[in-house]
Amino acid sequence: MRDRHVRVDPDMTEDATQNALLALLSEGHGGVLVTLKRDGRPQLSNVGHAYYPDERIIRVSITDDRAKTRNLRRDPRASYHVTSPDRWAYTVAEGTADLSPVAKDPYDATVEELVRLYRDVQGEHPDWDDFRAAMVRDGRLVLRLRVERVYGIPKGGNLG
């Protein structure tokens, strides 16, 4: 359902609009993660991400001791907001979070997933042994947000 105040290109099909909104998730690596506090108010965190379109999953490296992690364990519903560099286009992805186990060993499955995520966002790390040790020391885990719904304004979609 479109916001009644947003005009979208009338030649753009619903599928094309969805695809354009999802594409914005791949164009950058920064966004705002929205989780729900115990009292129901939103808790927002600026985070880095990688979007995997074949899986429709947004992955984020988070730490075990943060509010966002506690919020997601209590209520896995979350939203993720990204914008275009000019801030005219935006996508909000809504979904259900899945949390990996906390990294316990430099070569466990969680650390392997964190290595993949780092590579996809930043490229090669100068010292992978140090990176792996830091993931365990910091109590890192992977948030996997399964995209169930998107809305927003696709690039070129704000015509009025």
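The values are calculated or read from the model by the stated rules, or taken from the named source; none is laboratory data. On a predicted model such as this, the values are computed, not experimentally measured, just so you know. Cβ coordinates were reconstructed from backbone atoms using ideal geometry, including for glycine residues, and neighbour counts include every protein chain displayed. The protein model used for the area step is the full one, side chains on, heavy atoms only, and it has no ligands, DNA or RNA in it. Shrake-Rupley method; radii C 1.70, N 1.55, O 1.52, S 1.80 Å.
Label LYS104 and SER45 with points 7 Å out from Cα along Cα→Cβ: what is the distance between them in nm?
The modelled label-to-label distance comes out at 2.1 nm.
Which loop-located GluC sites (Glu not before Pro) does the stretch 32-132 contain, where loop means any DSSP state but H, G, I, E or B and the Cβ has at most 14 other Cβ atoms within 10 Å?
On the way: sites: GLU55, GLU94, GLU112, GLU113, GLU124; in loops: GLU55, GLU124.
Listed in order of number, the matching sites are GLU55, GLU124.
Ignoring ligands, DNA and RNA, what accessible area per residue does the stretch 57-111 give at 1.4 Å, in Å²?
Accessible area per residue: 49 Å².
Compute the helix-to-body angle for 14-26: its Cα long axis versus the longest principal axis of the chain, expressed 0 to 90° and rounded to tens.
The angle comes out at about 40 degrees.
Kindly sort TYR80, TYR90 by accessible area of their heavy atoms, largest first, with the probe set to 1.4 Å. All intermediate terms of the calculation are to be shown ahead of the outcome.
Values: TYR80 0, TYR90 65 Å².
Sorted descending by solvent-accessible area, the residues read TYR90, TYR80.
Just subtract the alpha-carbon distance of TRP88 and ALA23 from 0.36 nm times their residue separation and send over the number in nm, one decimal.
Gain on extension, TRP88 to ALA23, equals 21.9 nm.
If you plug each phi of the stretch 137-142 into the Karplus form 6.51 cos²θ - 1.76 cosθ + 1.60 with θ = phi - 60°, what whole-Hz ³J(HN,Hα) values come out, in order, with x for Gly and Pro?
4, 7, x, 7, 8, 10
How do VAL34, VAL111 stack up against each other in accessible area, from largest to smallest, with a 1.4 angstrom probe? Don't skip to the answer; put the middle values down first.
On the way: VAL34 35, VAL111 0 Å².
From most exposed to least exposed: VAL34, VAL111.
Carbon and sulfur: what percent of the chain's accessible surface (1.4 Å probe)?
Details: 4390 of 9120 Å².
Reported share for carbon and sulfur atoms: 48 percent.
Give me the angle, in degrees from 0 to 90, between the Cα long axis of helix 109-122 and the longest principal axis of the Cα atoms of the chain, rounded to the nearest 10.
Helix 109-122 sits at roughly 50 degrees to that axis.
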